[in-house]
Amino acid sequence: MSKEILDSIKGASLEAILDIEDFEALDWVWINRELFSDIVFNLKLDEAMGEGALEQLLEIKDEEIFKVLEEPFRQKGYLPMHQLIFANLEKGYRPTEDIQTVIFVKEKKHKQLSIALAKEYEWVLKSMAMDTYFRMGLNYTSLKESYEDLYEGNSRLIEQLLSEGEVSYLTGKWQYIRKTNELYFYKTDEYHSSWTEGEALSKFRELHHR
């Protein structure tokens, strides 16, 4: 029955899934387990598959539900975004701590948020470039070359760091401390340095022009 439920959700329109007629004014929509019973009701899955449809749906991993929802949302011009990343950029949104939530964001707004994300966390990428160039012994001739080749504009790294709390490259590992907005660098699990935004931007500016 689980496959039938997932196929039913994937093949339904977003209007039917969420019982919303017009998505024009909605720049973003949150989805988590609290809405699963509504989805069963809206799609009349209990009528088609029996009263156990909700119980079956709740036994399916959240990630699988989110995955099948991507297609209906994509057809309406929405892209998924990790809620912790979204919370960093959307004023007023508070991430859920006790339940997994995904935010689906309209493509235009998603692009705007991605640009804002890259700008806000540029200092993180510059910190990583300095750690890589000065502490990891790679064959780069300058800090500028290291930054441009590995980190400049690399929003994927920022997204991974914000959503998972850490990111690794070769023998290096960076941990982001959200509460203090600091970045810690470890090489082969040994602590080497920490950065704040001001320190990173100032040091990078100084070293970049040498």
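The numbers here are math on the coordinates, done by the rules we state, and not lab data. Note that this is a predicted model, so its numbers are computed, not measured. Using ideal geometry, Cβ is built from the backbone for each residue, glycine included, and neighbour counts are taken over all protein chains shown.
At-a-glance table
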{"read-out": "Shape category assigned to segment 121-208 from the gyration tensor of Cα positions, a/c cut at 1.5", "value": "rounded"}
{"read-out": "Under 22 Å from the Cα of Lys10 - lysines, other chains or at least 8 residues apart", "value": "Lys44, Lys61, Lys67, Lys76, Lys106"}
{"read-out": "Ordering of 22-32, 83-93, 100-110 by packing [mean C-beta count within 10 Å, highest first]", "value": "100-110, 83-93, 22-32"}
{"read-out": "Given [x] 8, 33, 40, 18, 2; [y] 7, 25, 20, 15, 15, 12, 5, 1, 0; [z] 8, 29, 25, 19, 13, 6, 1, 0, the label whose value is P(r) over Cα pairs in 10 Å bins from 0, in percent derived from this model", "value": "[z]"}
{"read-out": "Rounded to whole Hz, the Karplus (6.51, -1.76, 1.60) HN-Hα couplings of segment 65-82, x for glycine and proline", "value": "5, 4, 5, 6, 6, 4, 5, x, 5, 4, 5, 9, x, 10, 10, x, 9, 4"}
{"read-out": "Whole-angstrom gap from segment 173-190 to segment 39-67, using each part's C-alpha centre", "value": "40 Å"}
{"read-out": "Cα-based shape type of segment 2-117, given that a ≥ b ≥ c are square roots of the gyration tensor eigenvalues and the cut on a/c is 1.5", "value": "prolate"}
{"read-out": "J(HN,Hα) series, segment 11-18, from Karplus relation 6.51 cos²θ - 1.76 cosθ + 1.60, nearest Hz, glycine and proline x", "value": "x, 8, 7, 5, 4, 6, 4, 9"}
